[in-house]
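So the structure is just underneath, and the comments pick up after that.
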Amino acid sequence: MINMNKIKPRIQVALDLLDLEKAVRIGKASIIGGVDILEAGTPLIEKFGVVNALRELKKIAGDKPITADLKIADAGYISAKIAFEQGANIITVLAAASDKTIQGVVEASKEFNGEVMADLIVSKDFSSDIDKVLSLDVNYVLVHTGLDEQSKGKTAIDELVDFVELIPEGKLAVAGGINPKNISSVLRFNPNIIIVGGAITKSDNPVNVVKKLREIIANYY
């Protein structure tokens, strides 16, 4: 049990799908279950484009924020601006990207009253990249074990142990193989945002999975 003053994390559903109708359907179910943030996953954006993917999610989101998982590596300002103009609230940029690229994304976020999540997924020097993105005023730092690494049995928990102390309270986001069985192990690191993909999108009952995750979080706090 942790201090009651700690941040209660929000759940973001990662819609890493190649079927836009299915993404919308699971997005709706996730909202019914109580998810906090909808994510237009990278595969969804790659197949349907930023405009189409965000437009369809915006129709169902209501007051829920939408993350566009662009993993921006270059052309920071214009790439972020495109997504913010289509209703995204949070944009991801690679923490390994150049200062100029990250600065551009942050500039666009301030212009559109949005937020920036710096993703460590391809970082080679976590400590250096964490220091860099924090100095550039990103809102969140994402400790992220990608799908390819998950296929080797890794989860985000493996990365958190070594680097969580470098990320200030309120700025930690976590993604990678998180599900109702292991989410309690993630909660002890006090993340602001917990990103859940396959446990929800591959479930026969996404509503119940989200409800279970919320129940575990509520009980933990």
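The values are calculated or read from the model by the stated rules, or taken from the named source; none is laboratory data. Just so we're clear, the structure is a prediction, and the values are computed from it rather than from any experiment. Don't worry about glycine lacking a Cβ; one is built from the backbone with ideal geometry, like all the others, and counts go over all protein chains shown.
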Report, by residue number, each residue of the range 104-124 that is in contact with a Lys or Arg (Cβ under 8 Å, 6 or more places away or on another chain), surrounded by fewer than 24 Cβ atoms within 10 Å (Cβ to Cβ) and charged (D, E, K, R).
-> E111
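Out of the range 47-91, which residues are β-branched (V, I, T) and within 27 Å of T145 (Cβ to Cβ)?
Applying the first criterion (β-branched (V, I, T)) to the range 47-91 yields 50-51, 60, 66-67, 72, 78, 82, 90-91.
V50, I66, T67, I72, I90, I91, listed by residue number.
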Of the residues in the range 125-149, those that are over 24 Å from G41 (Cβ atoms) and either surrounded by 23 or more Cβ atoms within 10 Å (Cβ to Cβ) or among the basic types (K, R) (or both) number 1
Somewhere in the range 66-87, is a residue within 25 Å of V143 (Cβ to Cβ), touching a residue at least 40 places away in the same chain (Cβ under 8 Å) and touching a Lys or Arg at 6+ places or on another chain (Cβ under 8 Å)?
-> no
Flagged pairs (Cβ under 9 angstrom, 6 or more apart or on separate chains; first in the range 98-113, closer than 12 Å to D137 by Cβ and of a type in the set (K, R); second at pLDDT 95 or above and surrounded by 12 or more Cβ atoms within 10 Å (Cβ to Cβ)) are K110/D137
So, of the residues in the range 199-217 that are closer than 30 Å to L134 by Cβ and touching a residue at least 60 places away in the same chain (Cβ under 8 Å), which turns out to be surrounded by the most Cβ atoms within 10 Å (Cβ to Cβ)?
-> I200
